[in-house]
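The values are calculated or read from the model by the stated rules, or taken from the named source; none is laboratory data. Please read all numbers here as calculations on a predicted model, not as lab measurements. Virtual Cβ from ideal backbone geometry, glycine too; neighbours counted across all protein chains shown.
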Amino acid sequence: MSIEVHGLVKHFRVHQRKPGLRTSLRGLVRREYVEVRAVDDVSFSVAAGEVVGFLGPNGAGKTTTLKCLTGLLHPSEGTVRVLGHTPQRRESSFLRQISLVMGQRNSLFWDLPALDAFEVNRAMYRIGEPAFRAALDELIALLNLEPLLGKQVRVLSLGERMRCELAGALLHIPAVLFLDEPTLGLDVNGQAAVRSFLRDYNARRGATVLLTSHYMGDVTALAKRVLVIDRGTLRFDGNLAVLVEAHSPHRLIRLSLQRPVPVDTWSAYGEVDSVEGAVVTLRVPRAETTAVAGRLLADLPVVDVGIEDLPIEDVIRAVFAGE
Amino acid sequence: MSRRSPYLRILGICWRASISSEMEYRLNFLSSAAVSIFWMVWAAVGVSVYFRFTGQVAGWSYPELLVVIGLFFTVNGLRQAIFEPNLERIGEYVRRGTLDMLLTKPVDAQLLVSFRYLGIGNVMDPLLGLVVTGVGLALSGRGLSVGALPPFALLFAAAIALLYALTLALMALAVVLVGAEELGSVSFAVVELARFPVQLYRNPVQSVLTVLPIAFLTTFPAQALLGRLNPVLLLVAPAVAAGSVALATLTWRRSLRSYSGASA
Amino acid sequence: MNDTLTAYSGLLRSSTQVALTYRGRIVLWFVSGLFPLLLMAVWLTVSAESGPPAGWTSADFISYYAAAALLWNLSGQHVVWEWDADMRSGDLSVRLLRPIHPFHQYTASDLGHRAVSLMMLLPVLVLAALLVPGINYPLGVFDAVAVLAAVVLAYLVSLVMASTFAIVGFWSTQAANLWMLWWGIGSFASGWVAPLDLMPPWLRNAALVLPFRATIGFPVELMIGHLDIRATLVGFAVGLAWLAVFSGLYVCLWRRGLRRYQAVAG
């Protein structure tokens, strides 16, 4: 097993802030603390080479779990072993086998030209010259970095920066790659580029990948296995297709109409999710989505149509409701 | 590959980038040098006012005082070039998650965080400071004696080490407090106290400034150059410096542990 | 000229320069805040070793520098750095869109900050005045009114001088440095480096007609009771005259500077 987590618990003492001037003044002298359980008894294992997605709404505990796995946080209770090491000890031999990439975070070396930043990584991971050259050339080709090499990382667009971050993180060919919201803030093209790259990379190199996201799309594209975490507890651990089928049986069709249409029209097509003027959202069984969409386009004065998955929060709510 | 060289190589790359980015603004570079010269002249003239009424203050003549003032500018210049740019960024590292990224790398965060940036906007200060010191030595009639150089070098190195210890302790505080950019001013204020030799303040201030090792920053190195150094200090200064750096390093490590919730 | 314009617009885009400006401000502010105490300590040593210089006793020095510290907090100006930062970042354009003249915007915010820092400083100073032996401000009612007027004048002169240098920023990227130069040279004539009584006679005389004394030395000398009626009136006259001069200069530069700003940066 690459990663083994047993009974992980992480709690924080958070100063509770109440509104009002008097309570703020009192707060200067006596502070009230509340214990927040960010992660509450989470257990799972990941085999070498697996790609696992960690799904959950914001504040669910995904990032906290990730930080415990990478040694950034000490667990309050429970055990964590990654590649046979205890992450919080931060042994050099451990750190050299992993990599952490976080979406929209600045690297320390962001005002260096990209190529120099890669050289810094080479020094940090003590990568030999031939290995470095080989890895760098491969990554430059895969991520299309040639035009970016001379530019300072901070002047790159978010998508370009992400590609550079990924390259930098993989130069030392880590056994485990941790990704925290890697497509956060990227446009559709950027997201697609990152997802396809990670898929290819995993196929080539067989690295274990643990990816947290609140975008369903990240997980759908990359991971067969998914862990759903909500309010610190693990709600689901298993095959993604199963999750989707069981708990997200619907998709949403969003229509922009040329002119408003009587409300009773919709019952023939699906359940109405919301109506805002000329924009109507319908809930339709997954299997029938394309067919219904086709009928809508043929029958009604539709200006624009979009098809989406239910928001992750709804899926997760469904996951809980199912239990 | 030896353990040292990765850090040297990394810092080399980073410092090269700092230098080239600051070099882009030539006008500012030149005016910084002019400003530095101005403040040195200002200090030299300002101090001369005391000597309208006396030939020496607390055993220091005017040229001897210039030696100290020159060293003050040197030490302060190094502070502005090496320590200050890094201290002001710690809060940002914590807020933006940069510190987290760094902590997952197989390197010691302390070295990188301490020396990542090089501010060469005021690169003239240390050099000009030494010029003022030289002028002071010449005017005092002593000149620069070769025998004074080794003790001076030792004490000067101790002074810089002490300054580093202070900076590191402030960085540790900044991690825990998440920001507090005003901490840079603490470092600045501490060094300002070393502008004059501590004897000028008389007791009790003088004793206080010797114990908080302000006197080690400029007064003692100056005394070494002037051949007035109490030999005991040749042992005491390195010990105090090493002790301070060790204490500051412990403080830094403690703050990182607190950051990662080790105690919680 | 072209070089200046190119450099200027380049700097507007760079945030590194904002950091440099911030550093300059901190330098001046802290040096000025702490510094007089260091200078005072040395005077006390001089007085103890060689006797009262020009008749100034330890008590005189302590009274003087305590008052000077108060005055610095009242009249020391940050406005140049605020302008500088706003010009570089483009925030000045935002200010110009508001219906109030930027001068008043900066002044209003400055007064706000000053009130807060005064609230914290005043109790400390009052306590010091009561507890520290030697601090002595022999003021009757009439004198107190004069001191108050002098303090207000000190604030205004500093403000308008600094604001005038600030708007030099329309033409030069070095406005803040120029202000530091002006202030630095003026610090000898303002009574900040040392009481003017202790300066060489030529400097003392020059200081009587220069604007700097109005910002610190004049109110402080009033507070410690060193000025007779005639000297007081002369002090006010000089201060008011310089206030008029700089106000006129400001208005003149403002019109031209604004036109230039609108042509270049807008």
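Of the strands (runs of 3 or more DSSP E) contained entirely in the stretch A:208-309, those carrying at least 3 residues that are free of Cβ contacts under 8 Å to residues at least 24 places away in the same chain and not β-branched (Val, Ile, Thr) fall at A:271-276. When B:Pro204 is tested against (1) surrounded by fewer than 18 Cβ atoms within 10 Å (Cβ to Cβ); (2) within 20 Å of the chain's Cα centre (by Cα); (3) within 13 Å of chain C (Cβ to nearest Cβ), exactly one condition is not met: (2).
List the helices (runs of 4 or more DSSP H) that sit entirely inside the stretch C:36-126 and contain at least 1 residues that are in contact with a Ser or Thr (Cβ under 7 Å, 6 or more places away or on another chain). Outline the logic, then answer.
Numbers: elements: C:58-75, C:79-89, C:91-97.
Those helices (runs of 4 or more DSSP H) span C:58-75, C:79-89.
If I go through the stretch B:224-248 residue by residue, how many of them are part of a helix (DSSP H, G or I), in contact (Cβ under 8 Å) with a residue 24 or more places away in the chain and over 17 Å from the mean Cα position of the chain (by Cα)? Talk me through it step by step, then tell me what you get.
In the first step, residues of the stretch B:224-248 are kept if they are part of a helix (DSSP H, G or I); the result is B:224-225, B:232-248.
Subsequent filtering for residues that are in contact (Cβ under 8 Å) with a residue 24 or more places away in the chain retains B:224-225, B:233-234, B:237-238, B:240-242, B:244-245, B:247-248.
From what's left, over 17 Å from the mean Cα position of the chain (by Cα): B:224-225, B:233-234, B:247.
Of the residues in the stretch B:224-248, 5 are part of a helix (DSSP H, G or I), in contact (Cβ under 8 Å) with a residue 24 or more places away in the chain and over 17 Å from the mean Cα position of the chain (by Cα).
The single residue among B:Phe156, B:Phe152, B:Phe196 that is within 14 Å of chain C (Cβ to nearest Cβ) and at negative phi turns out to be B:Phe196.
Conditions tested, residue by residue: (1) within 12 Å of A:Ser256 (Cβ to Cβ); (2) at pLDDT 85 or above.
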site	(1), (2)
A:Ala287	no, no
A:Ala291	no, yes
A:Val302	yes, yes
A:Asp314	no, no
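Looking across the stretch A:109-130, the residues that are surrounded by fewer than 22 Cβ atoms within 10 Å (Cβ to Cβ) and of a type in the set (A, V, I, L, M) come down to A:Leu115, A:Ala123, A:Ile127.
Take the stretch B:33-65 and flag every residue that is more than 8 Å from chain C (Cβ to nearest Cβ) and among the small types (Gly, Ala, Ser).
Keep residues of the stretch B:33-65 that are more than 8 Å from chain C (Cβ to nearest Cβ), which gives B:33, B:36-37, B:40-41, B:43-44, B:47-48, B:51, B:55-56, B:59-65.
Across the stretch B:33-65, the qualifying residues are B:Ala33, B:Ser36, B:Ala43, B:Ala44, B:Ser48, B:Gly55, B:Gly59, B:Ser61.
In the condition set (1) surrounded by fewer than 16 Cβ atoms within 10 Å (Cβ to Cβ); (2) more than 9 Å from chain B (Cβ to nearest Cβ), A:Val51 is compliant with all but (1).
In the stretch A:241-271, of all residues being modelled with pLDDT under 80 and buried (at least 19 other Cβ atoms within 10 Å of the Cβ), the one that is farthest from A:Ala293 (Cα to Cα) corresponds to A:Leu243.
Every condition in (1) more than 30 Å from B:Leu30 (Cα to Cα); (2) more than 14 Å from every other protein chain (Cβ to nearest Cβ) holds for C:Ala162 except the one numbered (1).
Candidates B:Ser114, B:Ser145, B:Ser187: the one that is out of contact with any Asp or Glu (no Cβ under 8 Å at 6 or more places or on another chain) and surrounded by 18 or more Cβ atoms within 10 Å (Cβ to Cβ) is B:Ser114. Working only within the stretch B:61-97, note down all residues that are surrounded by fewer than 22 Cβ atoms within 10 Å (Cβ to Cβ) and within 14 Å of B:Leu225 (Cα to Cα). B:Pro63, the sole residue that qualifies.
The numbered conditions (1) free of Cβ contacts under 8 Å to residues at least 12 places away in the same chain; (2) surrounded by fewer than 17 Cβ atoms within 10 Å (Cβ to Cβ) are all true for A:Glu35 except (1). Considering each residue of the stretch A:133-142 in turn, none proves to be more than 10 Å from chain B (Cβ to nearest Cβ), in contact with a strand residue (DSSP E or B) (Cβ under 7 Å, 6 or more places away or on another chain), outside any loop (DSSP other than H, G, I, E, B) and touching a residue at least 40 places away in the same chain (Cβ under 8 Å).
What number of residues within the stretch B:21-45 are of a type in the set (Gly, Ala, Ser) and under 17 Å from B:Thr133 (Cβ atoms)? Don't jump to the end; show me each part of the working.
Taking the stretch B:21-45 and keeping what is of a type in the set (Gly, Ala, Ser), we get B:21, B:31-34, B:36, B:43-44.
Next, only the ones that are under 17 Å from B:Thr133 (Cβ atoms) stay: B:36, B:43-44.
Number satisfying all stated conditions: 3.
Per the conditions (1) more than 10 Å from every other protein chain (Cβ to nearest Cβ); (2) touching a Pro at 6+ places or on another chain (Cβ under 9 Å); (3) free of Cβ contacts under 8 Å to residues at least 60 places away in the same chain, the sole criterion not satisfied by A:Gly84 is (2).
Every test in (1) closer than 21 Å to C:Leu222 by Cα; (2) surrounded by fewer than 20 Cβ atoms within 10 Å (Cβ to Cβ); (3) modelled with pLDDT of 90 or more; (4) of a type in the set (Phe, Trp, Tyr) is passed by C:Phe142 save one, and that test is (3). Filter the stretch B:208-234 down to the residues that are more than 24 Å from B:Leu173 (Cβ to Cβ) and either modelled with pLDDT of 95 or more or surrounded by 18 or more Cβ atoms within 10 Å (Cβ to Cβ) (or both) and list them by number. Passing the criteria: B:Thr218, B:Thr219, B:Phe220, B:Pro221, B:Ala222, B:Gln223, B:Ala224, B:Leu225, B:Leu226, B:Leu229, B:Leu233.
Which one is nearest to the chain's Cα centre (by Cα) among residues in the stretch C:24-65 that are at pLDDT below 85 and among the small types (Gly, Ala, Ser)? It comes out as C:Ser32. The residues of the stretch A:72-101 that are surrounded by fewer than 23 Cβ atoms within 10 Å (Cβ to Cβ) and in a strand (DSSP E or B), listed by number, are A:Glu77, A:Gly78, A:Thr79, A:Arg81, A:His85.
Filter the stretch A:95-116 down to the residues that are touching a strand residue (DSSP E or B) at 6+ places or on another chain (Cβ under 6 Å) and facing chain B (nearest Cβ under 8 Å), then identify the one that is farthest from A:Leu158 (Cα to Cα). Before the answer, list the steps.
Taking the stretch A:95-116 and keeping what is touching a strand residue (DSSP E or B) at 6+ places or on another chain (Cβ under 6 Å), we get A:98-102, A:111, A:113.
Restricting the remaining residues to those that are facing chain B (nearest Cβ under 8 Å) gives A:98-100, A:102, A:111, A:113.
Working: A:Ile98: 23, A:Ser99: 20, A:Leu100: 17, A:Met102: 12, A:Asp111: 14, A:Pro113: 15 Å.
Per the stated criteria, the residue is A:Ile98.
Of the residues making up the stretch A:131-159, those that are of a type in the set (D, E, K, R) and surrounded by 14 or more Cβ atoms within 10 Å (Cβ to Cβ) are A:Glu138, A:Lys151. Looking at the stretch B:66-139, the helices (runs of 4 or more DSSP H) lying wholly inside it that each contain 3 or more residues that are within 8 Å of another protein chain (Cβ to nearest Cβ) and of a type in the set (A, V, I, L, M, F, W, C) sit at B:98-103. Taking (1) touching a Pro at 6+ places or on another chain (Cβ under 8 Å); (2) surrounded by fewer than 20 Cβ atoms within 10 Å (Cβ to Cβ); (3) at pLDDT 95 or above; (4) among the hydrophobic types (A, V, I, L, M, F, W, C) in turn, B:Leu155 satisfies each apart from (2).
Pairs linking a residue in the stretch B:89-112 that is among the aromatic types (Phe, Trp, Tyr) to a residue that is crowded, with 20+ Cβ neighbours inside 10 Å and in a loop (DSSP other than H, G, I, E, B), with Cβ atoms under 9 Å and 6 or more positions apart or on different chains, are B:Tyr93/A:Leu108.
Within the stretch A:143-171, the set of residues being assigned to a loop (DSSP other than H, G, I, E, B) and out of contact with any Gly (no Cβ under 9 Å at 6 or more places or on another chain) comprises A:Asn144, A:Leu145, A:Leu149, A:Gly150, A:Lys151, A:Leu156, A:Leu171. Out of C:Arg98, C:Arg114, one residue alone is under 25 Å from C:Cys252 (Cβ atoms) and of a type in the set (Lys, Arg). It is C:Arg98.
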